[in-house]
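Note sheet for the following structure.
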There are 2 protein chains.
Amino acid sequence: MARSIHVRRPATLASLAAELGVSRTTVSNAYNRPDQLSPELRRRVLETARRLGYPGPDPVARSLRTRKAGAVGLLLTENLSYAFRDPAALGFLEGLALACEGAGQGLHLVPVNPEREDVAAVHRAGVDGFVVYSVPDDDPHLAAVLSRPVPTVIADQPHIEGVDRVGIDDGTAITELAKKLIALGHRRIGVVCMRLARDRNDGFAPVDRQQNAHFHVQRTRLGGLAAAFATVGVEWASVPVVERFDHSSAMGASAAAQLLDSDSQLTALICTSDILALGALAEARRRGLRVPQDLTVTGFDGIAEAERVGLTTVRQPVLEKGKAAGRLLLSPSERTRPRSITLETEFLTGTTAAAPRTAEERWFGP
Amino acid sequence: MARSIHVRRPATLASLAAELGVSRTTVSNAYNRPDQLSPELRRRVLETARRLGYPGPDPVARSLRTRKAGAVGLLLTENLSYAFRDPAALGFLEGLALACEGAGQGLHLVPVNPEREDVAAVHRAGVDGFVVYSVPDDDPHLAAVLSRPVPTVIADQPHIEGVDRVGIDDGTAITELAKKLIALGHRRIGVVCMRLARDRNDGFAPVDRQQNAHFHVQRTRLGGLAAAFATVGVEWASVPVVERFDHSSAMGASAAAQLLDSDSQLTALICTSDILALGALAEARRRGLRVPQDLTVTGFDGIAEAERVGLTTVRQPVLEKGKAAGRLLLSPSERTRPRSITLETEFLTGTTAAAPRTAEERWFGP
DNA sequence: AATTGGTTCTGAACCGTTACCGTCACCGCA
DNA sequence: TGCGGTGACGGTAACGGTTCAGAACCAATT
């Protein structure tokens, strides 16, 4: 005979007070303001609590009353595993977690169902503020976050009126990198980038798709490249840009292959992330192309493995970015006006970029 | 003149009801049970909400009444960065996050201040349950979690009466590995392990420290090795075990160095994690020792990089472990008795283990 | 005409706590 | 003896919702 298990409701502050013959206020004070009652009574309260199995004030009820949840919400891009496997995102997450930990705040990962456009989870999250990390510009979850009456910090996204922001200057950073390649003599380049929109497009990305990209970071980096090459008369529309939906070095390799197959005259591959660049390096190796003699390859982010293999890239301070987001959210600002933090990037010379071979060298070998 | 900023309190469900001239129940229903009121009225409610800037029912208040927080708490080992840089921990985290996402539950990282023994954060977390991942057996935070009247799942920790558990059979898995080395002929081995207790001890770990280790996983793995080598008459007390507090390949390298310096006759280094083993490989390379001809090196975990370099190791399904923990916590069990899930491990042959050179070979070369 | 059933909305209780202010006893001091 | 100050505790009203039993109304059935 199935018998429903009798779950004894845990004792409440009120029941404890009744048992002790004191007021609820006093019990509350025993936990929250020890100086407000005599040590003797406090001892009795806590001891009785132990005896009755009272686990202490209910966190949710407390939050309701004090108007503090003690946690910050984090909204990540649609696909969770995507973030967990991207070293840059992970660094940001670690930095944010550290900042929260330092402030004694929990970090609440908001569940975003990739299937349905279910914004409810954003409304259900009991948090004191939100950090939004690199979601598409038109993400309904972002809109939902902004509709909540709590402070918000956005990272790696375009500025939104009245919202704090942290990020780097993606455009300028990659323009610098492009200028180095231009100075080396590269004119015929190919570009590998991450996905530009929510829909999958594993292949060439025409200019209008680039310009309408939903992901701010990718859009800005491509824009920075276009600007740099425009200065030497390279028409951007003629530069092949290959997009990959999944972010992995395998995808970087396949994108590199697609580019090299489409134009054997390319002298450099510019990748908008290190992960992709590592794949491009692997593809070059597979083809027997020497880097940098036969092909220049560059990345972006400055992840550990890139540094290990000497990739020419741009380092961005991902850990600091996360910490800064946390500080921005948790610091007791006067909130007089939205603050914006732009962190510095650093060009890493590496060993995967060099002057292109001349035409003769290309045809007859060195 | 400093003037305190006037923060307009956001509209409440009650104020919205008053504005509309309906009851609070009706407004609540407009959000939670659309079938309970006429479409026309519902439309009016939502429209007025938009006009008044009402962000929808307050999540904390709702949680209080419904007794559901919509999130699970995760208690990680003391040092957050430690977890974020350990691929095994990261895999677990990803799996857990995926399980939560699938169930529409948030994942609340409990802030654990490494400095103070501040258990308050555990009590402050508004969650429906906890997952505790590989904390020291005597961690006060674990005790605090168990005192909360919510379901709990522990991972990679010894069984606790009445608490669900997920893990692998560390002892048996590493015993298998040890037996392979024994079969190859190894008798003189050194062991590199992660920290065994809260206090830092970068150096040799005597047997009693091993047996009293606070970290279940490390304790069990060492025990498994001892059991295996006992079968061939190798006295465990004579086996050098070097411990490192920080978990990094650099530490693995230095530990390997310490072992090789202390006994040049060692034919194999068994490491209790892949990260440490990768460091040991680096150290062997630095010394000009060929692996596996001159030295056998093994790891544990089966992280991606280990597989790339062909490390002989044991793979454990970390992602699955995280998912299983989530399922265990979120599945509507009858909770008739605590459940325990032990996942399978797999021996990876790799290319870093071989028979030791004979004495002659050692002295005169091959 | 009375009963039934369905839809739509309401009233009051409740979730478990903390904030705010008030009360009261006790003490030292003039 | 009266008085202000202080330490210890209590009462009441939020905090912002959800739940559940039922009221009011109307149409259809018996």
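The values are calculated or read from the model by the stated rules, or taken from the named source; none is laboratory data. Since the structure is predicted, the reported quantities are computational estimates derived from the model, not experimental observations. Note that we place each Cβ from the backbone using ideal geometry, even for glycine, and neighbour counts take in every protein chain shown. Heavy atoms of the whole protein, side chains included, go into the accessibility calculation; ligands, DNA and RNA do not. Shrake-Rupley method; radii C 1.70, N 1.55, O 1.52, S 1.80 Å.
Figures for the structure shown
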quantity: Local electrostatic count at B:LEU20 - Lys and Arg +1, Asp and Glu -1, tallied over other residues with Cβ under 12 Å; calculated: +3
quantity: Among beta bridges that DSSP assigns inside the protein assembly as shown, antiparallel share in %, nearest 5; calculated: 15
quantity: Amide H contacts under 5 Å for B:ILE341, placed H, 5+ residues apart; calculated: B:ARG165, B:VAL166, B:GLY167
quantity: A:THR152 long-range amide H proximity, modeled H, under 5 Å; calculated: A:PHE130, A:ASP164
quantity: C-alpha center-to-center spacing [the stretch A:116-152, the stretch B:217-260] in angstrom; calculated: 48
quantity: Compactness of the stretch B:111-243 - radius of gyration and Dmax, Cα, Å; calculated: 17.6, 55
quantity: Extension gain, A:GLU176 back to A:LEU289 (0.36 nm per residue minus Cα-Cα distance, nm); calculated: 38.1 nm
quantity: Alpha-carbon radius of gyration plus Dmax, which is the widest Cα pair, for the stretch B:13-66 in Å; calculated: 10.5, 30
quantity: Accessible-area order (highest first, 1.4 angstrom probe) of the listed residues B:ILE182, B:ILE341; calculated: B:ILE341, B:ILE182
quantity: Average partner coverage of A:124-133, which counts Cβ from other chains inside 10 Å; calculated: 4
quantity: Surface accessible to a 1.4 Å probe, per residue, for the residues of the stretch B:1-128, Å²; calculated: 53
quantity: Separation of the B:SER248 and B:THR25 label points, Cα + 7 Å toward Cβ, nm; calculated: 6.3
quantity: Estimated distance in nm for a label pair at A:ILE160 and A:GLN36, the labels positioned 7 Å out from Cα along Cα-to-Cβ; calculated: 3.7
quantity: Phi-based couplings in Hz for the stretch B:231-244 (Karplus 6.51, -1.76, 1.60; Gly and Pro marked x); calculated: 5, 10, x, 7, 6, 4, 4, 8, 7, x, 10, 10, 10, 9
quantity: Per-residue HN-Hα couplings for the stretch B:297-306 [Karplus 6.51, -1.76, 1.60; θ = phi - 60°; Hz; x = Gly/Pro]; calculated: 10, 10, x, 7, 2, x, 6, 4, 5, 4
quantity: Exercise: per-residue mean of other protein chain Cβ atoms within 10 Å, A:64-72; calculated: 5
quantity: Value at 222 nm in deg cm²/dmol, rounded to 500, when DSSP H runs of n ≥ 4 in chain A each add -39,500 (n - 2.57); calculated: -13000 deg cm²/dmol
quantity: Carbon + sulfur, % of accessible area of chain A - ligands and nucleic acids excluded, 1.4 Å; calculated: 52
quantity: For the pair B and A, total buried accessible area rounded to nearest 100 Å², probe 1.4 Å; calculated: 3700
quantity: Distant-in-sequence amide H partners of A:ASP118 (H built 1.01 Å from N, under 5 Å); calculated: A:ASN113
quantity: √(5λ) per eigenvalue of the Cα gyration tensor, chain B, largest first, Å; calculated: 54, 20, 18
quantity: Cut-off 15 Å (backbone N to label point 7 Å along Cα→Cβ of B:VAL309), residues of the stretch B:254-284; calculated: B:254-257, B:269-284
quantity: Whole-Hz ³J(HN,Hα) from phi, Karplus 6.51 cos²θ - 1.76 cosθ + 1.60, for the stretch A:206-212, glycine and proline x; calculated: x, 4, 5, 5, 4, 6, 9
quantity: Sequence ranges B:205-216, B:126-137, A:128-139, ranked by mean other-Cβ count within 10 angstrom, highest first; calculated: B:126-137, A:128-139, B:205-216
quantity: Distance between modelled label sites at B:THR358 and B:THR342, nm, 7 Å Cα→Cβ extension; calculated: 4.1
quantity: GNM flexibility winner over chain A from A:LEU259, A:LEU46, A:LEU328 (Cα, springs under 10 Å); calculated: A:LEU46
quantity: Computed over chain A: relative contact order in percent, which uses C-alpha pairs under 8 Å that are six or more apart; calculated: 17
quantity: Principal semi-axes in Å for the protein assembly as shown [√(5λ), Cα gyration tensor, largest first]; calculated: 47, 41, 21
quantity: Per-residue average of Cβ from other chains inside 10 Å of A:94-103; calculated: 4
quantity: Centre separation in Å (Cα based) which lies between the stretch A:60-97 and the stretch A:24-42; calculated: 34
quantity: Full-stretch length increase - B:ASN212, B:SER15 - with 0.36 nm per residue and alpha-carbon distance subtracted; calculated: 64.9 nm
quantity: Among B:231-238, B:107-114, the order from most to least packed when residues are scored by Cβ within 10 Å on average; calculated: B:107-114, B:231-238
quantity: Relative contact order (%) - criterion: Cα under 8 Å, at least six apart; region: the stretch B:13-66; calculated: 34
quantity: Estimated FRET transfer efficiency when R0 is 51 angstrom, pair B:ASP202-A:ASP199 (beta carbons, to 0.05); calculated: 0.45
